[in-house]
Each structure stands twice: as C-alpha cells, then as structure tokens.
Amino acid sequence: MERERRASTNALTGLGNRAAFDAALAELDCDLPEQWAMLTTDLDNLKTVNDTFGHQAGDSLVRTAGARIAAATAPDSTFRIGGDEFGVLL
C-alpha cells in the first residue's frame with residue numbers, strides 16, 4: 001500500500017505524479033462531451049530561480065505553487081506532471 005502511494009505521489013509536493021495523471025486520464029469517460037476539462041500550467045523561469053537563489057528556493061517555489069493550484073481548484077485533482085509543470089483534471 002505504501003509502495004503504491006509513493007509510486008503515484010510526487011515526493012516534493014505531495015501531489016499526484018505523472019503516472020497518477022496518466023492513470024487518471026485513462027479513466028476519464030470521453031463518450032460525453034463537456035464532462036471534464038484539463039488545465040495545464042508551468043512555472044516560467046524556474047531554472048533562473050534555481051540558478052540565482054539555489055535549488056532550495058526553487059523547491060520552495062514548486063511546493064508553494066502546487067499547494068496554491070491545488071487549493072484553488074479543490075476538490076479537483078492536481079498533479080505535478082513535470083519539473084515545473086502542473087495539471088488539473090476538472
């Protein structure tokens with residue numbers, strides 16, 4: 001059970017990871033239009049933040065952004081799908 005949770009959770013943010021996102025997409029019913037939507041976003045200049053202020057600051061930015069996106073879109077599912085990319089299934 002713990003192994004499955006870790007395999008589908010991003011360790012930095014606690015959000016679902018790319019594997020969880022892909023699995024959630026596969027479960028969506030595409031037969032009826034307008035039943036769901038997908039929102040994706042990425043953080044501009046994360047590399048610049050990491051290079052200028054260090055990876056600890058970049059990690060903090062990613063954690064904060066993920067938490068804010070998840071809070072703003074709750075109860076829908078938010079995922080960290082890449083280094084600076086987030087996806088939400090609405």
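Values in this text are rule-based calculations from the coordinates and carry no lab data. Remember, it's a predicted structure, so these values are computed and weren't measured experimentally. Backbone-built Cβ (ideal geometry, glycine too); neighbour counts: all protein chains shown.
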Relative contact order of the chain, please, whole-number percent, based on alpha carbon pairs below 8 angstrom and at least 6 residues apart. 36 percent
Return the distance in nm (one decimal) between the two label points of a simple spin-label model at Arg63 and Leu12, each offset 7 Å from Cα along Cα→Cβ. 1.2 nm
Pick out which of Asp44, Asp31, Asp76 has the largest mean-square fluctuation in a Gaussian network model of the chain, springs linking Cα atoms closer than 10 Å. Asp31
How many percent of the alpha carbon pairs in the stretch 25-76 exceed a separation of 16 Å? 57 percent
What is the log10 of I(q)/I(0) for the stretch 1-41, computed with the Debye formula using one identical point scatterer on each Cα and no solvent, at q = 0.24 Å⁻¹? -0.86
In a Gaussian network model over the chain where Cα atoms closer than 10 Å are linked, find which of Ala26, Ala67, Ala11 has the largest mean-square fluctuation. Ala26
Out of [x] 5.7; [y] 13.5; [z] 6.5, which label holds the value of mean projected area of the Cα convex hull in nm² that was computed here? [z]
Could you give the length gained on full extension between Leu43 and Glu27, defined as 0.36 nm per residue of separation minus the Cα-Cα distance, in nm? 3.1 nm
Taking springs between alpha-carbon atoms closer than 10 angstrom, which of Ala74, Ala37, Ala23 fluctuates most in the Gaussian network model of the chain? Ala37
Alpha-carbon centroid distance for the pair the stretch 47-65 / the stretch 5-45, whole angstrom: 22 Å
